[in-house]
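A quick write-up on the structure given underneath.
The values are calculated or read from the model by the stated rules, or taken from the named source; none is laboratory data. It should be emphasised that the depicted structure is a prediction, and the values quoted were computed from it without experimental measurement. FYI the Cβ positions are ideal-geometry reconstructions off the backbone, even for glycines, and counts take in every protein chain you see. For accessibility, only protein heavy atoms count, side chains too; no ligands or nucleic acids. Shrake-Rupley method; radii C 1.70, N 1.55, O 1.52, S 1.80 Å.
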Amino acid sequence: MPLPLTLPRIRHAAATPGQYALALAIAAFLVLTLVLPVVTVVVVAFKDTTGGFTLVNFADFFGNELFQRSFVNSVWVAVLTVALATVLAMPLAYFTARFEFRGSALIQTLGILPLIMPPFVGAVAMQLLLGRNGTVNLLLQDWFGFTIPFMEGLNGVIFVEAVHYFPFILINVTASLRNIDRSMEEAAQNLGASGFRLFRRIVFPLSMPGYVAGAVLVFVKVFDDLATPLLLNVKDMLAPQAYLRVTSIGVADPIGYVICVVLMLISVASLGLSYAATAGKDYATVQRGGGGLTRRRMSRNEAIGAYAIVGLILALVLAPHAALLLLSFATVWSFSPLPDAYTLAHYTRVFSDSAGYIWNTLLYASIAAGIDVLIGGAIAYLVLRTRLPMRHWLDAAAMAALAVPGVVLGIGYLRAFYAVQLPGGQSLATFWVMIAIALAVRRLPYALRAADAALRQISVSLEEAAENLGATKPRAVRRIVIPLMTGGIVAGFVTSFATAAVELSATLMLVQSNSDAPLAYGIYVFMQSPAGRGAGAALGVLAVLLVGVCTYLSNRVAENGNGSSHH
Amino acid sequence: MPLSQTRKAVAIKVEGVDLSYGDNHVLKNVNLEIPPGDLFAFLGPSGCGKTTLLRLIAGFNRADRGRVLLDGEDITPLPPWKRDVGMVFQSYALWPHMTVERNVAFGLEERGLPKQEIGPRVAAALEMVGLTGLGGRRPSELSGGQQQRVALARTIVVEPKVLLLDEPLSNLDAKLRVEVRRELRELQKRLGITTIFVTHDQEEANTICDRIAVMNNGEVQQVGTPMQLYEHPGNLFVAGFLGTANIIDGKLVSNGPGVAYEIPGGGRIELPGSAKIPLHGRLVFRPQSVSLVPACTPPSPSNAHFLSSVAHREFLGATLRYGLTLGNQEVLIDVPFRSGDVLHEIGAKVSAVVPQSALLWLDR
């Protein structure tokens, strides 16, 4: 009898019952909290009043002038935001990559700042600074006799979103440029290319994958954003329309679901496009080495020009933060370049009346981040370290949350869980825990990737050594793997926590009473009335501080984690 | 359009080049003259400055002092894109977003050649490196050896004044390396282009290069043909870097009528009476210059000889290598292996003989 040519692999033996149980529990969670609501939304969109399949709802949608306009507006705003964000990001990315430029550190730090504050928080403040009767236009009117419509209608949405989201492009393009092997550029110079031709023919094409990834992210975020247009009083866009249909006409109205399906299709298509454009074109890893472009010193005039551009962009970036801070201390700020007088009253009011928002936020964001870290870590472990059949489906399902806009998830929860009664008679859809779970599902992809990255850095042999010395599988995980993953886990927790704390789109759908509302919702409610703006701004400042501190901590932890794993 | 001998070969001259990065003195007063049409190697261990010097000729590094001349024309102030100096990068640096054809056409396009001229020249270059038919592929779809050829084609298609190769064979496997280096040599001779070849592999440099500059610590140690360098190394570094050498510490003592070299820790080498003995320096000879003779053989006056014992023995195939204990040092000896030879066992006493012509005295 011939001997088998390949021996069975001993490592990664068949999955244990415990691993099956864990996988099933996670699968059940994802089905209930992600798949079911999304499928419900899709099904309702295609159902007629008798429950049969129909395309009538879509025909209604595309036949309606308001929805046509909303669709066009949403695409227009998303495309122009990407364009404006590109204009803001590209010079900064190029300066950092190409020159030995002291402004680089400043760009890297301040360029990330907008991400700390979601766009809706600064939207109203931006109106006071750049709106028709805002600081800048009042001064322009006084001095030069003209105004610039920064914030008129869709312009306002585009402007606010671009200022907030351009760092996604900046970060991705900078990373791409850094990863270009220096010899790529030198080979072109050696063959006679220089200056702009070199940039156009070699540098720019090689940084394309990073640019596409960043641009698509911006497009999707803007397309799905609900709160910014609403606060700027722009209602004829898709996400606001979905929200308004469901909140004003009711959860039974099919048009809201049709809009959700359209939103999702665009999200999926954009992410698919991004994947297609970047798959197999990770130019950075084609060559060994890397090291980025050759950097050179700027001449005096170049440096002056560069600092002027960087200064202008950073002024724009900081404008919402500055305006928010001013607004939070202002007594009255209307039709004047600066507030009439300053007060601490808004902060007093926030702390005395609205402390509930803060506590709710801390509670929801902690629960969401806790769930994310547990499930993200477990999925990463199951995918990387077991031979469980279909384990990659868990990963894919969790990542699919990326393509589901917050408003869609919120509406899905409302529809799917509305009829489920809790013991007290309350609907499950309006139970506060659902807000935390929705936040967890929205943030899970990020926590999962963080856990995955952390686990990949830990050699399997470390775990095997523990088992070899007598530790059972669960004990080896608890005593070896989890301690080594701590850096990644903590960074994932803090990131999930910080971003969940200011998430609004799903929350806006699910909050039923003010007493259950988190910070972001409170800011939204305050900002809607002129009298509440000051308090809204104060709450916004607190949110920014909260997220800022968390982001800082997460970076510190991530750095330490990296330090200890390179031994 | 044929790509051969279209241009007169150019001489390269490097004059007094110094280069530092902060406190790190990477190149120290480098002077070189490379005759037209030569295949010339920069050979040295990693960190010796050979790649830095190559990149300096290509214009990617700036010298603190000194100049580079091509046929007497100073190119030091020119940026890389105006030098017309073709370089093949160690990583090949093929642009992944372009096909093989676009890669090869790049330099011709930058030189503003008309389209109808570019096509045939690209085809000719690809044919020359044996890649006809692969022009439509992406670099990532090619093997390492094919990528290397594309990189070469991309550089020679513009007919640069000189060709610079930065460790061109280091990313190929051992068998392919031998094949490609021979092809490289043939191609270079066919084009007649002055070429510099950077390598840390002495066999590569010895087998295909006309002349070698051995470098260490940012200095050119010696320039010569492979055989000159092997037979007459100018210093201890060159002797040790090219092939294996016994470098023996000791002290000259007078020994009745003759002179002996006394090794610390016991043992001595009797030197031939007619030897020209310098006042200082260390004794150097190659393992294959030594032969083992029966201990009773009378010494010849024209040879150095010493008594020793076998410390270890290695079988290298064509040769046997013995390590002999001499005082506190070890002397390596290579003897041809013939089947049936009687082998010396570990611990055996032997008498070794080195002809006078093989003895070198090097003091640095």
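Tell me which of these B:Cys296 doesn't satisfy, since it passes every other one: (1) buried (at least 19 other Cβ atoms within 10 Å of the Cβ); (2) part of a loop (DSSP other than H, G, I, E, B).
Condition (1) is where B:Cys296 drops out.
Looking at (1) touching a residue at least 40 places away in the same chain (Cβ under 8 Å); (2) in contact with a strand residue (DSSP E or B) (Cβ under 7 Å, 6 or more places away or on another chain); (3) not small (Gly, Ala, Ser), which one does B:Thr76 not meet, given that it meets all the others?
Here B:Thr76 clears every test but (1).
Among the residues of the stretch B:78-96, is any open to solvent by 30 Å² or more (accessible area, probe 1.4 Å), closer than 30 Å to B:Leu229 by Cα and within 8 Å of another protein chain (Cβ to nearest Cβ)?
There is at least one residue in the stretch B:78-96 that is open to solvent by 30 Å² or more (accessible area, probe 1.4 Å), closer than 30 Å to B:Leu229 by Cα and within 8 Å of another protein chain (Cβ to nearest Cβ).
Say whether the condition of being open to solvent by less than 60 Å² (accessible area, probe 1.4 Å) and within 12 Å of A:Arg533 (Cα to Cα) is met by at least one residue in the stretch A:310-324.
yes
Give me a count of the residues in the stretch A:207-235 that are open to solvent by less than 10 Å² (accessible area, probe 1.4 Å), of a type outside the set (Gly, Ala, Ser) and closer than 17 Å to B:His97 by Cβ.
Adding up the residues that qualify gives 0.
Could you check how many residues of the stretch A:131-153 are assigned to a helix (DSSP H, G or I) and crowded, with 18+ Cβ neighbours inside 10 Å?
Pass one, the stretch A:131-153, residues assigned to a helix (DSSP H, G or I): A:135-144.
Then keep just the ones that are crowded, with 18+ Cβ neighbours inside 10 Å; that gives A:135, A:137.
Residues meeting the conditions: 2.
For B:Val100, indicate whether it is without any contact (Cβ under 8 Å) to a residue 60 or more places away in the chain, closer than 13 Å to B:Ile12 by Cα and more than 11 Å from every other protein chain (Cβ to nearest Cβ).
For B:Val100, the condition - without any contact (Cβ under 8 Å) to a residue 60 or more places away in the chain, closer than 13 Å to B:Ile12 by Cα and more than 11 Å from every other protein chain (Cβ to nearest Cβ) - is not met.
Out of all the residues in the stretch B:37-61, which are within 11 Å of chain A (Cβ to nearest Cβ) and either open to solvent by 30 Å² or more (accessible area, probe 1.4 Å) or within 22 Å of B:Phe241 (Cα to Cα) (or both)?
Passing the criteria: B:Arg55, B:Phe60.
Having 1 or more residues that are in contact (Cβ under 8 Å) with a residue 60 or more places away in the chain and within 19 Å of the chain's Cα centre (by Cα) is the bar; report the helices (runs of 4 or more DSSP H) wholly within the stretch A:38-130 that clear it.
Where helices (runs of 4 or more DSSP H) fall fully within the stretch A:38-130 and carry at least 1 residues being in contact (Cβ under 8 Å) with a residue 60 or more places away in the chain and within 19 Å of the chain's Cα centre (by Cα), they are A:65-98, A:103-116, A:119-130.
Return the residues of the stretch A:200-220 that are in contact (Cβ under 8 Å) with a residue 24 or more places away in the chain and out of contact with any helix residue (DSSP H, G or I) (no Cβ under 6 Å at 6 or more places or on another chain); say none if nothing qualifies.
A:Val203, A:Met208 - these are the residues of the stretch A:200-220 that are in contact (Cβ under 8 Å) with a residue 24 or more places away in the chain and out of contact with any helix residue (DSSP H, G or I) (no Cβ under 6 Å at 6 or more places or on another chain).
Checking the structure you have, find out if any residue of the stretch A:430-452 is touching a strand residue (DSSP E or B) at 6+ places or on another chain (Cβ under 9 Å), modelled with pLDDT under 90 and either open to solvent by 10 Å² or more (accessible area, probe 1.4 Å) or among the polar types (S, T, N, Q) (or both).
no
Report, by residue number, each residue of the stretch B:10-36 that is outside any strand (DSSP E or B) and open to solvent by 20 Å² or more (accessible area, probe 1.4 Å).
Across the stretch B:10-36, the qualifying residues are B:Ala11, B:Gly22, B:Asp23, B:Pro35, B:Pro36.
Looking at the stretch B:103-118 only, could you name the residues that are among the charged types (D, E, K, R) and more than 8 Å from every other protein chain (Cβ to nearest Cβ)?
B:Glu109, B:Lys115, B:Glu117
Every residue in the stretch A:183-225 that is within 12 Å of another protein chain (Cβ to nearest Cβ) and not in a helix (DSSP H, G or I), please.
Across the stretch A:183-225, the qualifying residues are A:Leu191, A:Gly192, A:Ala193, A:Ser194.
What strands (runs of 3 or more DSSP E) lie completely within the stretch B:137-246 and have 1 or more residues being open to solvent by less than 10 Å² (accessible area, probe 1.4 Å) and more than 14 Å from chain A (Cβ to nearest Cβ)?
B:194-199, B:211-216, B:219-224
Under the condition of being in contact (Cβ under 8 Å) with a residue 60 or more places away in the chain and of a type in the set (Val, Ile, Thr), which residue from the stretch A:464-481 is most open to solvent (accessible area, probe 1.4 Å)?
My answer is A:Val477.
Among the residues in the stretch A:174-182, are any within 30 Å of A:Pro229 (Cα to Cα), away from every other protein chain (no Cβ under 14 Å), open to solvent by 10 Å² or more (accessible area, probe 1.4 Å) and assigned to a helix (DSSP H, G or I)?
There is no residue in the stretch A:174-182 that is within 30 Å of A:Pro229 (Cα to Cα), away from every other protein chain (no Cβ under 14 Å), open to solvent by 10 Å² or more (accessible area, probe 1.4 Å) and assigned to a helix (DSSP H, G or I).
Just one of the numbered conditions (1) open to solvent by less than 90 Å² (accessible area, probe 1.4 Å); (2) in a strand (DSSP E or B) is not true of B:Gly317; which one?
(2)
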